[in-house]
Amino acid sequence: MIKLHDKNTQELIGEINEKQLQFLIDELVEEDSTDQDYYINRDQLDQFEKKGGDETLIQMLRDALGTKDDMDIIWTKS
């Protein structure tokens with residue numbers, strides 16, 4: 001399984017599957033092919049919805065944002 005964490009606090013956001021990870025890889029900016037962290041904000045999540053992104057993934061990221069406008073996330077495979 002793939003785990004998403006808040007990059008700053010290391011708090012677990014949740015677990016996602018390969019398809020959800022591929023969506024993030026396709027939609028977010030990577031600095032290089034080994035990049036495992038991403039910057040997200042509310043506008044991006046709105047765009048994910050418009051593009052038909054996975055509802056569970058989007059809600060998980062919205063919940064992780066809470067009252068923040070943006071955050072950095074990191075993923076790891078276990």
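This table checks each residue for (1) modelled with pLDDT under 95; (2) assigned to a loop (DSSP other than H, G, I, E, B); (3) touching a Gly at 6+ places or on another chain (Cβ under 8 Å).
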site: 19; (1), (2), (3): no, no, no
site: 24; (1), (2), (3): yes, no, no
site: 35; (1), (2), (3): yes, yes, no
site: 38; (1), (2), (3): yes, no, no
site: 59; (1), (2), (3): no, no, no
site: 64; (1), (2), (3): no, no, yes
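So is residue 15 among the charged types (D, E, K, R), surrounded by fewer than 16 Cβ atoms within 10 Å (Cβ to Cβ) and assigned to a strand (DSSP E or B) or not? So residue 15 passes the test. Can you pull out the residues in the range 44-61 that are closer than 25 Å to residue 10 by Cβ and either among the acidic types (Asp, Glu) or more than 13 Å from the chain's Cα centre (by Cα) (or both)? Answer for the range 44-61, where residues must be closer than 25 Å to residue 10 by Cβ and either among the acidic types (Asp, Glu) or more than 13 Å from the chain's Cα centre (by Cα) (or both): just 54. Look at (1) more than 9 Å from the chain's Cα centre (by Cα); (2) crowded, with 16+ Cβ neighbours inside 10 Å; (3) not basic (Lys, Arg) and you find that residue 69 fails only one, number (2).
Residue count for the range 40-57, restricted to those that are outside any helix (DSSP H, G or I) and either of a type in the set (A, V, I, L, M, F, W, C) or under 15 Å from residue 75 (Cβ atoms) (or both): 2.
Listed here are the residues, each with its yes/no results for (1) of a type in the set (A, V, I, L, M, F, W, C); (2) at positive phi; (3) in contact with an Asp or Glu (Cβ under 9 Å, 6 or more places away or on another chain).
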residue: 3; (1), (2), (3): no, no, yes
residue: 7; (1), (2), (3): no, no, yes
residue: 23; (1), (2), (3): yes, no, yes
residue: 27; (1), (2), (3): no, no, no
residue: 37; (1), (2), (3): no, no, yes
residue: 42; (1), (2), (3): no, no, yes
residue: 48; (1), (2), (3): yes, no, yes
residue: 53; (1), (2), (3): no, no, yes
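The values are calculated or read from the model by the stated rules, or taken from the named source; none is laboratory data. Being a predicted model, the structure only gives us computed values, none of them experimental. Neighbour counts are summed over all protein chains in view; Cβ atoms, including those assigned to glycine, are modelled from backbone coordinates with ideal geometry.
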